[in-house]
Structures are given as structure tokens and as C-alpha cells.
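Asks: Quick one: the structure is below, and I'll ask about it shortly.
The values are calculated or read from the model by the stated rules, or taken from the named source; none is laboratory data. All values reported here derive from a predicted model rather than from experimental measurement. Cβ: placed from backbone, ideal geometry, glycine included. Neighbour counts: every protein chain shown.
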Amino acid sequence: MRRSGCGSARVRPVLAVAVSVLVAGALVGAGPAGAADPPDRVDNPYAGARVYVNPEWADRAAAEPGGHVVAGQPTAVWLDRIAAIEGTDEAMGLREHLDAAVAQRAELVQLTIYNLPARDCGRRAPQGELSIEEIVRYRAEFIDPIVEILAAPRYASLRIVAFVEPNSLANLVVNTGSRYTATPACEAVLARGTYLYGIGYALARLGAVPGVYPYLDISHHGELGWPDNSGPMTALLLQAATTAGSTVANVHGFVANTANYSVLREEYFRADDVVNGQPVHLSKWVDWNPFVDEVPYARHMRELLAGRGFSPEASVLVDTSRNGWGGPARPTGPATRHDLNQYVDSSRIDRRALVGNWCNQAGSGLGQRPATEPEPGIDAYVWVKPPGGSDGASGQPGLGQPYEPMCDPYYNPPRGSPYPTGALPGAPPFGEWFPAHFRQLLANAWPPL
């Protein structure tokens, strides 16, 4: 994974400001936010709430052909470095976003907190700014200033949904131990407890602010669907939620598919279907996973986490910003039942060569638009990842720049050969605007625009 929003100049066209006030979609509520009183805590913070539209993202989207159709959708603001808190000449800071939310008469703001020491186990692209030793800086220069701003009386009427350090704990499951994907960097982070302490501290501080609703990331079915991954993940989530002064009461809910591409539902097959005597879970693409899509996975994780001690009523969200997979390649029905692998590959809506591919995926489209309580067990579809923000540069090794193999269109992942990464060529660095990808997302949106 990943990840982040996209910055733009502080001076924004009048069109985008107007679009951002007219927040589109089913998340729009009626009426202004209160002036000062903290809002009553609610089970589902999205229910009836007008959700903030980031004007920087709205500008970028509206400037693309056809982008005005979605420019009014609410997306999360990513705080992925210390400088993002105060902002720069090119990008709004946290106070500016909150002030803009008040001006929009919004009632809910979505923030992604993403700056742990040794973030993504030290991946070079995107590369985090804090080393594994800098947990004190993380607390004092990142989390504490964010909390101080969120606790200001001026913003007391806002509901703040905070997505806390996505993908971090999943890395400690899939990239440690005897797995072929294990890395020394992830082993070091796990051994030192860096992520557990950092997340616990963030939860303790954020959870003390009345209007803040912290959410923990539960990755996606293609990373943690297998029981030998989901079990350890729930244990790590509990450890993180009860470390550094935090308790499970600070976790309002969980979010699945953050910045990823997994479909809500595979419509034409299930993992336990049988093709010529073989169950679908034996196919190469499913690879023994009992889950082939996100909604059943998210509900299953909620049950597992309730068994670990989290509230059984914990809110569950799914990021649908880029999991639509529409366009001409989308199947319209199940394939003829001949060869098992051919059946799965021809029937699946998710067109990735490997379900673990995550960088700037070719063929992807906008997913379901943000909506509240779209179906039982899911409190909202949200756009955590702002569509059009690059997952990472599509460079090649040896060019003197940070290199992420999964963003290289020509790289074949280990044990995946001859399957490529599915990454689009010509991508800019992580978080920067990627016009070609945004236009593809528009063209392949499902439901269609």
C-alpha cells in the first residue's frame, strides 16, 4: 500500500469552492454545524452528517475532463508528515481545513493520521520521515500538535473521524516471521513495539477529545483474509489499543480496504463454489483464501474483534474510492465452467493480476460513492484515498531515486511471475496528482457516472 492525498496551491478557483459547499452524495445532511458545543457522541458519526469536501482535491478533480461530476465528494485529508499539520505555501494545513469545514457548514471531517516512525517498515517509496528511533518526535511533534488543534473550542461542534496509521499493523503480520515476505525492517519494528506504542499513544490522545472518532485499519481481504493472518492481526489490534495509556474504548471502529482496490462483492462466484469437482478457493487467484471480496471480510473481522474484547457495536467502514472496476473489462456474468483458473479469471470483477497488487492499478475505477449505512453491518462507504493521488512513482531501479518495485509496471513480484504488478506507467511520486489515473478512474467508475 500506498498512499496519501494530493496537495495543490492555496489559491483555489471559485468553481471548486462552490462545488465543495454543495457536498454531493448520500452523506450530505441537513443543517449547519453548531457554533461551539461539543456534539453528542453517536454510534455512527456519518449518520445525518454533512461531510467536509477538501477544496484542494475538489480543484484537482474539477480541472480534469468530466471531473466536476465527482468534485463535490468528501475525501479524507492526509496528515502524512509533520509539515502537513501547519501546511505549506502549496498545501493547506490542518487548521485551514477545519476552518474551511466550518465555512462549508460541514459537520464531519475525515483525517488520515499516517506518520509512524519507520512507516511501512522503512519502505523507500513512499518513504516516511521518522526513523525507528524517533518515537518521541512522533508524540511531541506530530500527535500532540494534531490533538491540540482538534481540541480547540472553535472546532468543538465538528465530528472528526480519524483513520489511525493505516497498513501499519498489517505489515507486522505479513512481513515478519517465517513468511517469504518477511523483512528485517518489519522484524525490527515488531521487536521494538514501535507501532504498538505509537498507535496506542495516538488513540489515547485522540480518544480524549470529545468530538474525535478514532478508527483502526483492518487492511483488506487479499492481505489478511486467511485465518493465519486475520488471527494475528486481531491480536495486534488489541495490543495497540491497550498500550501507552489507551483502552479499547478509544477505538470507535474499523476501516477496511484503505487506499486499496478490493471489490465490495464478487458477484459471480464465491470461495466455496465448485468447478469440475474443485472448490474455487484452490484457484491461483484466490489461493486458499476463504474471502474473495470486502463486505464479508469486514463483517467477519468485526466478529473476530468483538471476540477479542472490542465493542460488538464498533463501527465498520469500507474505502470505496478506487474499487469500482467498471469499463469494458467488467464481466457481465459467470464464465463457462471449464478450467478452474479460467473460470475465476473470466468471472472476477477485480481485474488485478494478483489480489495483493496495490500501486496505481491499471483498469481500476471509482467505486461506490460515499454513503451512510449502505447495507447491514457497514456504517458507511468512504473515500479515504482521494482518487487521483499517486500511490508511488513508477520509476525503475538504478535511476538514482527511491524505488518501489510494486509501482514498477515491469517488475514481477516474487512467486508471482509471470504476473506483473499492474501499475500504470508514468506515475509521479507518492501523493502527487496523477491525471492519467484519475481519468481512468472516471472512465471505469462503477456504478457508472
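Asks: Sort out which residues of segment 307-350 are of a type outside the set (Phe, Trp, Tyr), farther than 17 Å from ASP217 by Cβ and not in a loop (DSSP other than H, G, I, E, B), and write them in order of number.
Replies: GLY307, LEU340, ASN341, GLN342, VAL344, ASP345, SER346, SER347
Asks: When ALA380 is evaluated against the numbered criteria (1) assigned to a loop (DSSP other than H, G, I, E, B); (2) under 27 Å from SER315 (Cα atoms), which criterion, by number, is the only one it fails?
Replies: It is condition (1) that ALA380 fails.
Asks: If you check ASP99 against the conditions, is it at pLDDT below 95, assigned to a helix (DSSP H, G or I), within 23 Å of GLY431 (Cβ to Cβ) and out of contact with any strand residue (DSSP E or B) (no Cβ under 7 Å at 6 or more places or on another chain)? Reasoning before the result, please.
Replies: Values: at pLDDT below 95: no; assigned to a helix (DSSP H, G or I): yes; within 23 Å of GLY431 (Cβ to Cβ): yes; out of contact with any strand residue (DSSP E or B) (no Cβ under 7 Å at 6 or more places or on another chain): yes.
Here the answer is no, as ASP99 does not meet what is asked.
Asks: Do we find a residue being at positive phi, part of a loop (DSSP other than H, G, I, E, B) and of a type in the set (S, T, N, Q) anywhere in segment 282-301? Before the answer, list the steps.
Replies: Taking segment 282-301 as the starting set, the residues that turn out to be at positive phi are 287-288.
Now restrict to residues that are part of a loop (DSSP other than H, G, I, E, B): 287-288.
Next cut, of a type in the set (S, T, N, Q) only: none.
The answer is no; no qualifying residue exists.
Asks: Tell me, which helices (runs of 4 or more DSSP H) wholly within segment 145-251 include 2 or more residues that are within 25 Å of GLU86 (Cβ to Cβ)?
Replies: On the way: elements: 168-174, 184-192, 194-207, 221-224, 227-241.
Result: 194-207.
Asks: Among the residues of segment 135-144, what is the count of those that are farther than 17 Å from ALA83 by Cβ and out of contact with any helix residue (DSSP H, G or I) (no Cβ under 7 Å at 6 or more places or on another chain)?
Replies: Adding up the residues that qualify gives 1.
Asks: May I pose another question? Against the condition buried (at least 24 other Cβ atoms within 10 Å of the Cβ), closer than 30 Å to ARG352 by Cα and of a type outside the set (A, V, I, L, M), how does SER262 come out, does it pass? So that I can check it myself, show each step before the final result.
Replies: Working: buried (at least 24 other Cβ atoms within 10 Å of the Cβ): yes; closer than 30 Å to ARG352 by Cα: yes; of a type outside the set (A, V, I, L, M): yes.
So SER262 fits the description; yes.
Asks: Here's another thing I want to ask about it. Determine, yes or no, whether GLN401 is polar (S, T, N, Q), assigned to a loop (DSSP other than H, G, I, E, B) and touching a Phe, Trp or Tyr at 6+ places or on another chain (Cβ under 9 Å).
Replies: Numbers: polar (S, T, N, Q): yes; assigned to a loop (DSSP other than H, G, I, E, B): yes; touching a Phe, Trp or Tyr at 6+ places or on another chain (Cβ under 9 Å): no.
It is false that GLN401 is polar (S, T, N, Q), assigned to a loop (DSSP other than H, G, I, E, B) and touching a Phe, Trp or Tyr at 6+ places or on another chain (Cβ under 9 Å).
Asks: Turning to a different aspect of this structure: For segment 307-362, give me each residue that is among the aliphatic types (A, V, I, L, M) and within 18 Å of GLU294 (Cα to Cα).
Replies: Looking only at segment 307-362, we keep the residues that are among the aliphatic types (A, V, I, L, M), and these are 314, 316-318, 329, 335, 340, 344, 349, 353-355, 362.
Passing the criteria: ALA314, VAL316, LEU317, VAL318, VAL344, ILE349, ALA353, LEU354, VAL355.
Asks: Using beta carbons and a limit of 8 Å, which pairs, at least six apart or on different chains, have the first residue in segment 253-280 and of a type in the set (Lys, Arg) and the second one surrounded by 23 or more Cβ atoms within 10 Å (Cβ to Cβ) and assigned to a loop (DSSP other than H, G, I, E, B)?
Replies: Final answer for the pair search is ARG265/ASP293; ARG270/VAL292.
Asks: Starting from segment 130-158, take each residue that is within 13 Å of PRO210 (Cα to Cα) and list its partners that are in a loop (DSSP other than H, G, I, E, B) and among the β-branched types (Val, Ile, Thr), counting only C-beta distances under 7 angstrom and pairs at least six apart or across chains.
Replies: Once the first residue is within 13 Å of PRO210 (Cα to Cα) and sits in segment 130-158, its partners that are in a loop (DSSP other than H, G, I, E, B) and among the β-branched types (Val, Ile, Thr) give VAL147/VAL209; LEU150/VAL209; ALA151/VAL209.
Asks: Pick from VAL274, VAL295: which is crowded, with 21+ Cβ neighbours inside 10 Å and hydrophobic (A, V, I, L, M, F, W, C)? Reasoning before the result, please.
Replies: Numbers: VAL274 fails: crowded, with 21+ Cβ neighbours inside 10 Å.
Answer to the selection: VAL295.
Asks: How many of the residues in segment 73-109 are of a type outside the set (D, E, K, R) and under 14 Å from SER157 (Cα atoms)? Before you say what the answer is, go through the steps one by one.
Replies: Initial filter on segment 73-109 (of a type outside the set (D, E, K, R)): 73-79, 82-85, 87-88, 91-94, 97-98, 100-104, 106, 108-109.
Then drop every residue that is not under 14 Å from SER157 (Cα atoms), which leaves 98, 100-104, 106, 108-109.
Here the count works out to 9.
Asks: Kindly list the number of the only condition in (1) touching a Lys or Arg at 6+ places or on another chain (Cβ under 9 Å); (2) surrounded by 24 or more Cβ atoms within 10 Å (Cβ to Cβ); (3) under 22 Å from GLU303 (Cα atoms) that fails for VAL248.
Replies: Unmet condition: (2).
Asks: The conditions are (1) in contact with a Ser or Thr (Cβ under 8 Å, 6 or more places away or on another chain); (2) assigned to a loop (DSSP other than H, G, I, E, B); (3) within 30 Å of ASN250 (Cβ to Cβ), and LEU304 fails exactly one of them. Which is it?
Replies: Among (1) in contact with a Ser or Thr (Cβ under 8 Å, 6 or more places away or on another chain); (2) assigned to a loop (DSSP other than H, G, I, E, B); (3) within 30 Å of ASN250 (Cβ to Cβ), LEU304 violates only (2).
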